[in-house]
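Shown next, in C-alpha cells, is the structure this report addresses.
The values are calculated or read from the model by the stated rules, or taken from the named source; none is laboratory data. Here the structure is a predicted model, which is why all the values come from computation and not from measurement. Here the Cβ is made from the backbone with ideal geometry for all residues, glycine too, and neighbour counts use every protein chain on show.
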Amino acid sequence: MTDAKAERRPAGELEAGVLAALWAADTPLTPAQVQADLALDLARTTVTTILSRLYEKGIVDRRKKGRGYAYSPVQDSPGLTALRMHSELDRDSDRETVLARFVARLSAGDERLLRDLLESGEQ
C-alpha cells in the first residue's frame, strides 16, 4: 500500500497546470478537454473541482456548454500575478511599509524597470 501523502502534489500545482492549459487554448475548454490537455492521471471530477474553485476565486470565467461549462482565464499570466500582488498588498493595513520593503528587495534592474514604468505612466 502506498503512502497517500507521498503521492500528493505541491499546493497550487494542479491549479497552475489547469491555468496553463487554459492559457494555451484559443477557446474556452470543458473539464474533459482540460483533463486531456494535462496528460495527468486525474479524474474529470478532480479537474471540474479545480475549475470550480478557480471560478469562485474569480480567476476563470465560465459559460454554459451543453450540460456543463466551458472555462476561460480572466487574466493572462502576468495579469494574474499582478492581481495576486494587489491582493497581498490589500491584506495589510500598513501599505507604505509593505511597499517600502518590497522595493527594498528589488534587484537594481527591477528597480530601474519599476522607476521607468512609473515615470512613463504605463500600466
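What to note about this one:
- Criterion violated by Val74 - all others in (1) out of contact with any Gly (no Cβ under 8 Å at 6 or more places or on another chain); (2) surrounded by 12 or more Cβ atoms within 10 Å (Cβ to Cβ); (3) closer than 13 Å to Ala20 by Cα satisfied: (1)
- Of the helices (runs of 4 or more DSSP H) that lie entirely inside the stretch 35-123, those containing 1 or more residues that are under 24 Å from Glu13 (Cα atoms) span 44-56, 77-90.
- Within the stretch 38-71, considering residues that are among the basic types (Lys, Arg) and free of Cβ contacts under 8 Å to residues at least 24 places away in the same chain, the one farthest from Leu22 (Cα to Cα): Arg67
- Count - residues of the stretch 1-34 that are modelled with pLDDT of 85 or more, β-branched (Val, Ile, Thr) and part of a loop (DSSP other than H, G, I, E, B): 2
- Some residue of the stretch 43-63 being hydroxyl-bearing (Ser, Thr, Tyr), closer than 21 Å to Ser87 by Cα and either surrounded by fewer than 16 Cβ atoms within 10 Å (Cβ to Cβ) or at pLDDT 95 or above (or both): yes
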